[in-house]
1. How many residues, within segment 172-196, are of a type outside the set (D, E, K, R) and either loosely packed, with under 15 Cβ neighbours inside 10 Å or in a helix (DSSP H, G or I) (or both)?
2. For LYS142, which of the numbered conditions (1) in contact (Cβ under 8 Å) with a residue 60 or more places away in the chain; (2) at negative phi; (3) surrounded by 14 or more Cβ atoms within 10 Å (Cβ to Cβ); (4) under 44 Å from the mean Cα position of the chain (by Cα) fails to hold?
3. Could you list, in sequence order, all residues of segment 86-107 that are surrounded by 13 or more Cβ atoms within 10 Å (Cβ to Cβ) and out of contact with any strand residue (DSSP E or B) (no Cβ under 7 Å at 6 or more places or on another chain)?
4. Can you pull out the residues in segment 9-59 that are outside any strand (DSSP E or B) and in contact with a Lys or Arg (Cβ under 6 Å, 6 or more places away or on another chain)?
5. When the residues of segment 154-171 are narrowed to those that are in contact with a Lys or Arg (Cβ under 8 Å, 6 or more places away or on another chain) and over 18 Å from SER255 (Cβ atoms), which ends up surrounded by the fewest Cβ atoms within 10 Å (Cβ to Cβ)?
Amino acid sequence: MLETSAEKPVPVRVVSEAISDYINRLGQIWVEGEIAQLNDRAGSGMVYMRLRDPSVDMYLEVTCPRSVFKAVAPLTDNARVVINSKVNFYTPTGRLSLNAKEIRQVGVGELLARLEALKKMLAAEGLFASERKKPLPFLPRKIGLICGRASAAEKDVKENAKRRWPAVLFETREVAVQGADAVIQVSAALKELDADPEIDVIIITRGGGSFEDLLPFSDEGLVRLAASCKKPIVSAIGHEQDTPLLDLVADLRASTPTDAAKRVVPDIKEEYERIKQLRERADRKINDRVVLEMTKVVGLMQRSFAGINSRLIRSTEELTHLIARVRTLSPQATLDRGYAVVQRSDGSILRSPKSLDKGERLRLRLAEGVAIATATGEVESDSTSRAMKGE
């Protein structure tokens with residue numbers, strides 16, 4: 001360990017030599033990464049490349065003898081490799097690089113095995129559980145779109161979405177969707193869109209590709225980031241048969257970019273038709289209810305009228321009976337039988353002939369009118385009166 005202070009600094013060469021000494025003690029190491037840049041300088045006997053970490057923006061320079069490079073199958077940019085190398089620190093410039101001793105290309109079978117192990121681990125943590133899936137909004141105000149630059153996937157999503165709902169808005173982030181930069185750029189775009197308060201849902205999409213092309217969308221860091229997002233995520237990666245891990249953690253998996261647009265945005269024609277059907281159904285229900293209530297009212301009115309009519313008949317019969325009784329008991333009934341009411345001129349009723357004065361005018365109320373008479377002063381006995389009646 002170097003002991004230094006402001007009063008006792010060490011020269012640059014001492015620091016460089018100390019770093020070189022430490023690195024030399026590392027010996028040979030195996031390093032895995034993706035080839036980001038490949039520079040085959042003809043005639044130099046060496047091949048230069050950058051080995052990039054697929055999950056973060058870090059890389060190391062690699063110097064490879066041509067014989068080592070040719071010993072492996074043809075390598076291209078974005079190929080995933082494992083390199084047995086010796087770390088070299090060039091003291092004059094402070095440049096660190098790897099000197100390749102052996103290169104092995106990571107096979108598809110090995111990558112599949114790794115992905116399966118990662119899939120099981122993430123599933124055990126509950127990242128793919130259906131209960132953690134967030135529902136998509138019925139009508140998003142603005143859609144976040146992560147896609148390749150000027151890609152067919154971007155065109156498919158936007159055209160189909162606007163065809164279904166012309167007013168839909170997009171906030172687009174064009175990124176690398178394969179290769180060494182894909183995970184970094186997709187992750188950065190996802191963080192940015194998830195933090196945007198105007199965005200309601202995020203679509204991550206790209207067209208089909210090889211297994212290696214789609215590997216970035218199975219990156220553990222990207223999958224965990226998607227699981228932590230607050231906004232619902234729709235994954236539309238590759239074709240229907242492709243299933244990167246992002247599909248499993250997303251809140252909705254769409255089979256294609258076109259399918260993503262259809263699943264996220266409602267069809268305005270279908271909604272108009274649905275509204276029309278709902279209105280017709282509501283009208284029918286209202287009409288049925290009105291008819292039902294009117295039937296009830298008519299029934300109530302009929303029962304009420306029937307009750308009133310019945311009561312009216314009973315009352316009429318009772319009144320007729322009462323009238324008959326009244327008539328039976330009234331003076332008119334007596335007059336109808338031939339009797340008369342005799343009144344003096346002052347209107348008082350004459351009850352005995354003994355109080356009559358000769359020549360007194362009398363008013364006789366008969367059954368069918370009034371007659372005027374004059375008292376003669378003669379009084380008949382009760383026996384004479386009965387004899388005249390034939391009693």
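1. Residues that pass the stated criteria total 11.
2. Among (1) in contact (Cβ under 8 Å) with a residue 60 or more places away in the chain; (2) at negative phi; (3) surrounded by 14 or more Cβ atoms within 10 Å (Cβ to Cβ); (4) under 44 Å from the mean Cα position of the chain (by Cα), the lone unmet condition for LYS142 is (1).
3. THR91
4. Within segment 9-59, just GLY45 meets the criteria.
5. Within segment 154-171, the match that is surrounded by the fewest Cβ atoms within 10 Å (Cβ to Cβ) is LEU169.
Rundown of residues vs (1) touching a residue at least 24 places away in the same chain (Cβ under 8 Å); (2) out of contact with any Phe, Trp or Tyr (no Cβ under 9 Å at 6 or more places or on another chain); (3) outside any strand (DSSP E or B), yes/no style:
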site	(1), (2), (3)
ARG325	no, yes, yes
ALA333	no, yes, yes
SER345	no, yes, yes
ASP357	no, yes, yes
LEU362	no, yes, no
VAL370	no, yes, no
VAL379	yes, yes, yes
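Per-residue answers, yes or no, for (1) of a type in the set (Val, Ile, Thr); (2) modelled with pLDDT under 85; (3) touching a Pro at 6+ places or on another chain (Cβ under 8 Å):
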| position | (1), (2), (3) |
| --- | --- |
| THR334 | yes, yes, no |
| SER345 | no, yes, no |
| ARG351 | no, yes, no |
| ASP357 | no, yes, no |
| GLU368 | no, no, no |
| ALA373 | no, no, no |
| GLU378 | no, yes, no |
| LYS389 | no, yes, no |
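Yes/no matrix, rows are residues, columns are (1) free of Cβ contacts under 8 Å to residues at least 24 places away in the same chain; (2) out of contact with any Cys (no Cβ under 6 Å at 6 or more places or on another chain); (3) within 24 Å of SER16 (Cα to Cα):
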{"site": "ARG52", "(1), (2), (3)": "no, yes, no"}
{"site": "THR63", "(1), (2), (3)": "no, yes, yes"}
{"site": "VAL68", "(1), (2), (3)": "no, yes, no"}
{"site": "THR76", "(1), (2), (3)": "no, yes, no"}
{"site": "VAL87", "(1), (2), (3)": "no, yes, yes"}
{"site": "THR91", "(1), (2), (3)": "no, yes, yes"}
{"site": "GLY94", "(1), (2), (3)": "no, yes, yes"}
{"site": "SER97", "(1), (2), (3)": "no, yes, yes"}
{"site": "ALA100", "(1), (2), (3)": "no, no, yes"}
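The values are calculated or read from the model by the stated rules, or taken from the named source; none is laboratory data. Model, not experiment: these values are computed from the prediction. Positions of Cβ are generated from backbone atoms using ideal geometry, with glycine treated the same way; all protein chains shown enter the neighbour counts.
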